[in-house]
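Enquirer: Once you've had a glance at the structure underneath, I'll fire off some questions.
The values are calculated or read from the model by the stated rules, or taken from the named source; none is laboratory data. Just so you know, these numbers come straight off a predicted model, no measurement behind them. Cβ sites come from the backbone with ideal geometry, for glycine too, and all protein chains shown count toward neighbours.
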Amino acid sequence: MNTNPTECPTWDEFLRPLLELAEQEPIMRRTSVPQIADRYQFSDEIRSLTLKSGQTQIHNRAGWAQSSLVKARFIEKHPTEKFTYQITQAGRDYLNSHNGPITPSDLRSVAGYEEAWRKASELKQQNSTVDWDPNSSDGEHLYAHPFNILFPNEDADDYLNYFEKAIEIIEDEYEDATNRPRGHALHA
């Protein structure tokens, strides 16, 4: 990734910076994106570019990069921390053996990467095409994804990104209002 970019970096330009951050410590998208923006001196204009959903373009692209790193098994969900990912040994090995940017072609050469995307796509398609009949007695509706029951014909990624942003805002407001750090018990 170039320092002080004149355009919003593409999703794949976030791959190496995210993996390098994960090598240093577990990462969360909402904190890693500002770190990358600071490190690479993103302008205020690039930081504020938004999609129709209201999500910033850099958070969206970093999200795709993070998903790709998960599919490549370079990072994985942290065992105890919500919304947090940690580097895997495969991710460390990749950083140690490859210099320069990580490209989509590099990812496609990782064993299991394309299969992981294919499976995720099939699962998403299955979940979005299940017809739910609340009067059905065969139990078929139990296999429908709850999101698709609540929001048929909508893209789950847009809503999940929206909810992630909403959680971030609520956490910030809570921290500001109570002068307590995130994660502090509400009833303490």
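Enquirer: What's the number of the condition Gln66 fails, among (1) closer than 16 Å to Val33 by Cα; (2) in contact with a helix residue (DSSP H, G or I) (Cβ under 7 Å, 6 or more places away or on another chain); (3) surrounded by fewer than 21 Cβ atoms within 10 Å (Cβ to Cβ)?
Expert: All conditions pass for Gln66, except number (3).
Enquirer: Given the options Ile87, Ile58, Ile75, Ile27, name the one that is surrounded by 21 or more Cβ atoms within 10 Å (Cβ to Cβ) and in contact with a Gly (Cβ under 7 Å, 6 or more places away or on another chain). Break it down into steps so the answer makes sense when it comes.
Expert: Values: Ile87 fails: in contact with a Gly (Cβ under 7 Å, 6 or more places away or on another chain); Ile58 fails: in contact with a Gly (Cβ under 7 Å, 6 or more places away or on another chain); Ile27 fails: in contact with a Gly (Cβ under 7 Å, 6 or more places away or on another chain).
Every option except Ile75 fails the conditions.
Enquirer: Which one of the conditions (1) touching a residue at least 24 places away in the same chain (Cβ under 8 Å); (2) part of a helix (DSSP H, G or I) does Asp106 fail to meet, given that it meets all the rest?
Expert: (1)
Enquirer: Could you count how many residues in the range 16-39 are modelled with pLDDT of 95 or more, out of contact with any Pro (no Cβ under 7 Å at 6 or more places or on another chain) and closer than 20 Å to Asp106 by Cβ?
Expert: Looking only at that region, the number is 7.
Enquirer: In the list Thr50, Thr31, Thr56, which residue meets the criterion of being within 30 Å of Lys119 (Cα to Cα) and within 12 Å of the chain's Cα centre (by Cα)?
Expert: Working: Thr50 fails: within 12 Å of the chain's Cα centre (by Cα); Thr56 fails: within 12 Å of the chain's Cα centre (by Cα).
The match here is Thr31.
Enquirer: Name the residues in the range 76-101 that are modelled with pLDDT of 95 or more and among the β-branched types (Val, Ile, Thr), would you?
Expert: If the condition is that a residue be modelled with pLDDT of 95 or more and among the β-branched types (Val, Ile, Thr), then Ile87, Thr88 are the ones that fit.
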